[in-house]
1. Which residues, taken from segment 20-51, are open to solvent by 70 Å² or more (accessible area, probe 1.4 Å) and in a loop (DSSP other than H, G, I, E, B)?
2. Looking only at residues in segment 2-42 that are among the small types (Gly, Ala, Ser) and modelled with pLDDT under 95, which one is nearest to Val72 (Cα to Cα)?
3. Could you list, in sequence order, the residues of segment 52-66 that are within 20 Å of Lys33 (Cα to Cα) and open to solvent by 60 Å² or more (accessible area, probe 1.4 Å)?
4. Would you call Val67 touching a Ser or Thr at 6+ places or on another chain (Cβ under 9 Å) and touching a residue at least 40 places away in the same chain (Cβ under 8 Å)?
5. For segment 8-19, state whether one or more residues are within 23 Å of Glu66 (Cα to Cα) and either open to solvent by 20 Å² or more (accessible area, probe 1.4 Å) or part of a strand (DSSP E or B) (or both).
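The values are calculated or read from the model by the stated rules, or taken from the named source; none is laboratory data. Everything numeric in this text was worked out from a predicted model, so none of it was measured. Here the Cβ positions follow ideal geometry from the backbone for every residue, glycine too, while neighbour counts run over all protein chains shown. SASA here: full protein model, heavy atoms, side chains in, ligands and nucleic acids out. Shrake-Rupley method; radii C 1.70, N 1.55, O 1.52, S 1.80 Å.
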Amino acid sequence: MTLLVVYNPVCGASIGQQIVEEQVLPLLRANGKIPDKVVRTESIGHAGHVIVDFVKSVVQSGGNEEVTIVLVSGD
C-alpha cells in the first residue's frame with residue numbers, strides 16, 4: 001500500500017499541522033503504516049495537484065498497488 005497524507009495548515013483554528021503531528025501520524029505508526037509522503041498545502045488547489053502527481057508517479061513506476069490518501073482539512 002502506498003500512503004499519502006495531505007493537510008491544510010490553516011484548517012479549523014489553524015491547527016492542521018498539529019493534528020497531523022500529534023494525532024494522525026502517531027495513529028498511523030501505531031498501526032504499522034508509514035506515509036510515503038506528507039504534504040502541507042500551500043495554496044488553493046494545491047492538494048488536488050499533489051494527489052494527481054502522486055498517483056501518476058505510482059502508476060508510472062509500474063506500481064499496481066493500492067493508494068491510500070489521508071486528507072486533513074476543514075474548509
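1. Passing the criteria: Asn31, Lys33, Ile34, Asp36, Glu42, Ser43, Ile44.
2. For segment 2-42, the residue satisfying everything is Gly16.
3. Matches in segment 52-66: Asn64, Glu65, Glu66.
4. Yes: the conditions hold for Val67.
5. Within segment 8-19, not a single residue is within 23 Å of Glu66 (Cα to Cα) and either open to solvent by 20 Å² or more (accessible area, probe 1.4 Å) or part of a strand (DSSP E or B) (or both).
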